[in-house]
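Notes follow once the structure below has been shown.
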Amino acid sequence: MTPAAELQTIRLIQAVCRRPARYTVNGTLAEALSFLAGCYCGLAAARSVDVGRDAHAAWDDFLGWVSAQLPDCPSSRIYDIGRALRAGADDDTAALQLLGDLSATYYAVQSSAASAAPTLPHEETALASLTYSALLFLPEGSAISFDALRSALETATPGVSIQPDGEKALQLRFGDWGLRVALEDASYVAEESRELAATIRDRAVARRLARSVSRISVWSRDPDTKDTHAGDCRAVLRTLQTGLPGSIAWDAASGLLR
């Protein structure tokens, strides 16, 4: 189980706990837990894939830790955890808040325990993690059209197949490996920009990030366990950063990149 897998798992748990109605029909505790369990059951079926195996291991470890923190929780089964969370909260919203708080504590404990382990230098770690996902927050007042985004990528990646992949999204195919690039400007982007800015120590960067209302997401559905396409992902992100001065890059594994 890798630190990146742990962080990705915690980020998903916290995202669902903060906005359960974005991921489920009614936003209840039971629905949120079922959604999370379903995600990781799907990953469990892909144990031959390193990313899926690591994420599933991180989820299992988290459930075991949470069950030990909750009074009268008889096991790490999702049903028992759900009942214990609800018993310790006034309503589903409070129970989800409790789960989110526990996930933050779990990650802090795990990070502290692993702090003595050797790590890559920040820059090397950041670049490696871009194999999987990154967000590029556009500065206030900056805008790029979907057509301009496609044109810039076609210029930067000659010979690469670029096809539409949903609304305001493109799929870049590097042989049998794909990279998805999407323009996001829905209302939730501004809210998440402010939330992320609150975690940034550099206040000048935090203020810029808090004002961002649009972003470009860069991520892959395909495993790349040997980092064969890490350079492709870096090249795409750097092309976007160069064309969008003042943008701020972020990835889940290493945090702020610029």
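Rule-based calculations on the coordinates, nothing more; no lab input. Since we're looking at a predicted model, the values are computed, not measured. Glycine also receives a Cβ, built like all others from the backbone with ideal geometry; neighbour counts cover every protein chain displayed.
Quick notes
- Distant-in-sequence amide H partners of residue 174 (H built 1.01 Å from N, under 5 Å): 179
- Selection from 174, 204, 162, by position along the positive dipole direction of the range 159-207 (Cβ): 204
- Basic side chains Lys and Arg get +1 at the Cβ, acidic Asp and Glu get -1 at the Cβ, and with that the dipole of the range 122-256 about its Cα centre reaches some 360 debye.
- With each label modelled as a point 7 angstrom along the Cα→C-beta vector, the residue 146-residue 222 pair spans 2.3 nm.
- Shown is the FRET efficiency for residue 167 and residue 87, computed with R0 = 35 Å from the Cβ-Cβ distance and rounded to the nearest 0.05: 0.25.
- Full-stretch length increase - residue 160, residue 80 - with 0.36 nm per residue and alpha-carbon distance subtracted: 23.9 nm
- Arranged from fewest to most other beta-carbon atoms within 10 Å of their beta carbon, 147, 222 become 147, 222.
- Taking θ as phi - 60° and the Karplus parameters 6.51, -1.76 and 1.60, the scalar couplings of the range 181-186 work out to 10, 10, 8, 10, 9, 5 Hz in sequence order, x denoting glycine and proline.
- Residue by residue, the range 69-80 carries 3J(HN,Hα) couplings of 8, 8, x, 6, 9, x, 7, 8, 5, 4, 5, 5 Hz when phi is fed to the Karplus relation 6.51 cos²θ - 1.76 cosθ + 1.60 (θ = phi - 60°); x denotes Gly or Pro.
- Residues 56, 229, sorted so that the one with the fewest Cβ neighbours within 10 Å comes first: 229, 56
- Listing 73, 41, 17, 233 from fewest to most neighbouring C-beta atoms within 10 Å gives 41, 73, 17, 233.
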